[in-house]
1. What does the charge dipole of the chain about its Cα centre add up to, to the nearest 20 debye, if the Cβ of each Lys and Arg holds +1 and the Cβ of each Asp and Glu holds -1?
2. For the chain, what log10 I(q)/I(0) values come out of the Debye formula at q = 0.08, 0.09, 0.14, 0.20 1/Å, with one point per alpha carbon and no solvent?
3. If you restrict to DSSP beta bridges whose two residues both lie in the chain, what percentage is antiparallel, to the nearest 5?
4. For segment 49-101, I need the span (max minus min coordinate) of the C-alpha atoms along each principal axis, in Å, sorted largest to smallest.
5. Please identify the chymotrypsin sites (Phe, Trp or Tyr not before Pro) of segment 144-174 that satisfy two criteria: DSSP loop assignment and at most 16 other Cβ atoms within 10 Å. Which are they?
6. Per residue, what accessible area does the chain have, given a 1.4 Å probe and all protein chains present, in Å²?
7. Can you tally the net charge around Gly171? Count Lys and Arg as +1, Asp and Glu as -1, for every other residue whose Cβ sits under 14 Å from the Cβ of Gly171.
8. When the accessible area of segment 1-79 is split by element with a 1.4 Å probe, what percent falls to carbon and sulfur?
Amino acid sequence: MYLAGEKWAARFEDFRQEAWRLETLPQYLMPQEEKEFAAFLSGSRTDPYTVSNEYTERLRRQAAAGRVQRRVHVVTRPLTDYLRFEFSQYYAPHALAGEQIRIFDVTDRDNPLAGVQDFWMFDSSEVVLMHYEADGTQISREVYEGDVTPFLEYQRIALAESVPFEEYVKGLDV
């Protein structure tokens with residue numbers, strides 16, 4: 001089953017304990033980000049402490065209710081312009097709002113998650129595969145119908161091999 005619109009949004013309202021994401025791409029092309037990305041490339045930065053929008057408010061409500069959103073992003077250096085943008089404009093305010101973000105840098109090491117595609121996992125029981133073009137343009141989201149055990153192992157590896165976002169970006173120019 002492919003997910004969009006209200007059915008997709010409901011996943012983030014209805015999970016009981018955890019929504020968990022693995023990101024593997026160096027960029028995600030989202031039409032709604034074009035102007036903000038261009039401004040970032042021109043030197044504009046957002047103060048993460050002042051960001052308040054529907055997404056950050058949802059993160060705060062979830063955290064207050066004991067529900068957590070987590071993610072691990074697999075990266076290599078040098079970081080792409082998009083990753084620098086994502087770290088600055090999204091990850092920093094989202095972390096302040098309660099999202100637990102970790103970075104798995106595989107620059108100088110083998111990637112034990114090579115070939116694993118992006119996905120979301122809800123309450124360790126439902127996996128939604130994220131399908132992208134090679135350039136990072138999203139194609140679709142699909143509920144995975146098989147056994148989630150391999151995805152639990154991907155999560156275990158990603159968490160064990162990654163560091164907290166705040167630790168990773170110390171000293172970086174993002």
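The values are calculated or read from the model by the stated rules, or taken from the named source; none is laboratory data. In this text the structure is predicted, and so the values were computed from the model without any measurement. Please note: Cβ atoms are built from the backbone with ideal geometry, for glycine as well, and neighbour counts cover all protein chains shown. Remember, those area values only see protein heavy atoms, side chains included, never the ligands or the DNA or RNA. Shrake-Rupley method; radii C 1.70, N 1.55, O 1.52, S 1.80 Å.
1. In total the dipole reaches around 460 debye.
2. -0.24, -0.30, -0.79, -1.75
3. 55
4. 37, 22, 14
5. Tyr144
6. 54
7. -1
8. Within segment 1-79, the accessible surface is 53 percent carbon and sulfur.
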